[in-house]
1. Identify, by number, the condition in (1) among the hydrophobic types (A, V, I, L, M, F, W, C); (2) within 17 Å of Leu88 (Cα to Cα); (3) within 14 Å of the ligand (Cβ to nearest atom) that Ile216 doesn't meet.
2. Evaluate segment 62-71: report whether one residue or more is under 24 Å from Ala156 (Cα atoms) and surrounded by fewer than 14 Cβ atoms within 10 Å (Cβ to Cβ).
3. Here is a list of conditions, (1) more than 14 Å from the ligand (Cβ to nearest atom); (2) within 26 Å of Gln193 (Cα to Cα); (3) without any contact (Cβ under 8 Å) to a residue 40 or more places away in the chain, and Glu42 meets all of them except one; can you say which number that is?
4. Which residue is farthest from the chain's Cα centre (by Cα), if the candidates are limited to segment 223-244 and must be of a type outside the set (A, V, I, L, M) and surrounded by 15 or more Cβ atoms within 10 Å (Cβ to Cβ)?
5. Output the residues belonging to segment 157-181 that are within 15 Å of the chain's Cα centre (by Cα) and open to solvent by less than 60 Å² (accessible area, probe 1.4 Å).
6. Suppose we filter segment 47-61 for residues that are within 12 Å of the ligand (Cβ to nearest atom) and open to solvent by less than 90 Å² (accessible area, probe 1.4 Å); how many remain?
7. Are any of the residues in segment 156-168 at pLDDT 95 or above, polar (S, T, N, Q) and touching a helix residue (DSSP H, G or I) at 6+ places or on another chain (Cβ under 6 Å)?
8. Any idea which residue in segment 130-152 is modelled with the highest pLDDT, counting only those that are surrounded by fewer than 15 Cβ atoms within 10 Å (Cβ to Cβ) and either touching a helix residue (DSSP H, G or I) at 6+ places or on another chain (Cβ under 7 Å) or part of a helix (DSSP H, G or I) (or both)?
Amino acid sequence: MSAQDEHKKTIWITGASSGLGLALAKHYLLSGNKVIVSARREGSLKQLERLYPDELSFIAFDVTKESDVESVKEALEAKTQHLDLAILNAGTCEYLDIDEPDWGLFERVNQVNYMGMVRSIQVCLPLLKATSNSHLVGVSSQAVQAPFIRSEAYGASKAAVRYLLESLRLDLAPDDVAVSCILPGFIDTPLTQRNDFDMPFIMSPEQAAQRIEKAIAKRVYEYAFPKRLSAVLAMARLFPKLWFKYNSRERSE
Ligand SMILES: NC(=O)c1ccc[n+]([C@@H]2O[C@H](COP(=O)([O-])OP(=O)(O)OC[C@H]3O[C@@H](n4cnc5c(N)ncnc54)[C@H](OP(=O)(O)O)[C@@H]3O)[C@@H](O)[C@H]2O)c1
């Protein structure tokens, strides 16, 4: 292996068919790494593979399907014997309408965001453990820093992700697997393009990917960005009554 090759990493990214995951995949490809991407939409992943035939390959994976875990794990292990970095980014968002609640959305959101991450960890953990100095990164959200209206299901699933990663970090320390949690603010992706409210400090997926890549390189435990939003949410925690006053929903008659 040449000295140059030694710097190349093998990276698995879930939720890479659009938005942040796609931007992260492109970002890591540009710096010469080998990237394996997953999501449900095979067409988008195939298109990406055609653009980067030597450096990128894909494994279709619906993270809500428990029955797919073993075959996806085998497919990943068939592609590589070691994994330097796993970025578990697949996610969804549905907002609760408290006047006409669709209680089923809690299960749907949880199956992707939380249980989907658990299943993705099942897939990649043996390879991460077999690789020295490896790194598992999960994508949570700044939504966990303060309550937002209609975010009962999304926020709870992302808070669960954050705790899962914090706990996992302790358990994986003896195995030399670092664990990080990313808390993004608003990013302009298909997920947020359907939002009908103001999204302060929104940034492009490319800007977000650049920031996340830097944080991952430094192996930060937890990376919340942008800092301006973190500061607002820190104030919300300091002054919860004020946050309530300005954020509680007005009743529409
Ligand atoms: N955009 C933001 O402002 C923001 C803020 C904080 C956190 N985040 C988090 O960032 C992550 C990426 O979101 P995004 O904004 O980039 O949204 P996005 O463009 O909608 O991307 C979501 C990705 O997750 C995949 N996905 C969804 N359901 C899946 C399933 N059942 N199985 C496998 N993959 C699935 C999608 O691929 P397929 O549809 O092809 O399966 C897609 O690649 C999410 O975890 C999100 O919660 C986003």
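The values are calculated or read from the model by the stated rules, or taken from the named source; none is laboratory data. Note that the structure is predicted; figures quoted are calculated from it, not measured. Please note: Cβ atoms are built from the backbone with ideal geometry, for glycine as well, and neighbour counts cover all protein chains shown. Note: accessible area is taken over every heavy atom of the protein model, side chains too, but ligands, DNA and RNA are not part of it. Shrake-Rupley method; radii C 1.70, N 1.55, O 1.52, S 1.80 Å.
1. Of (1) among the hydrophobic types (A, V, I, L, M, F, W, C); (2) within 17 Å of Leu88 (Cα to Cα); (3) within 14 Å of the ligand (Cβ to nearest atom), only one is false for Ile216: (3).
2. Checked against the condition, which is being under 24 Å from Ala156 (Cα atoms) and surrounded by fewer than 14 Cβ atoms within 10 Å (Cβ to Cβ), segment 62-71 yields at least one hit.
3. The failed condition is (1).
4. Within segment 223-244, the subset of a type outside the set (A, V, I, L, M) is 223, 225-228, 230, 237, 239-241, 243-244.
If we keep only those that are surrounded by 15 or more Cβ atoms within 10 Å (Cβ to Cβ) too, we end up with 223, 225-226, 230, 243.
On the way: Tyr223: 12, Phe225: 14, Pro226: 16, Ser230: 18, Trp243: 27 Å.
Of everything passing the filter in segment 223-244, Trp243 is farthest from the chain's Cα centre (by Cα).
5. As a first pass, look at segment 157-181 and keep what is within 15 Å of the chain's Cα centre (by Cα): 157-166, 179-181.
Those that are within 15 Å of the chain's Cα centre (by Cα) and open to solvent by less than 60 Å² (accessible area, probe 1.4 Å): Ser157, Lys158, Ala159, Ala160, Val161, Arg162, Leu164, Leu165, Val179, Ser180, Cys181.
6. Filtering segment 47-61 for residues within 12 Å of the ligand (Cβ to nearest atom) gives 47-48, 58-61.
In the following step, the residues that additionally are open to solvent by less than 90 Å² (accessible area, probe 1.4 Å) were identified as 48, 58-61.
Of the residues in that region, 5 qualify.
7. Pass one, segment 156-168, residues at pLDDT 95 or above: 156-168.
Narrowing further to those that are polar (S, T, N, Q): 157, 167.
Add one more test, that the residue is touching a helix residue (DSSP H, G or I) at 6+ places or on another chain (Cβ under 6 Å), and what stays is 157.
Within segment 156-168, one or more residues are at pLDDT 95 or above, polar (S, T, N, Q) and touching a helix residue (DSSP H, G or I) at 6+ places or on another chain (Cβ under 6 Å).
8. Ala130
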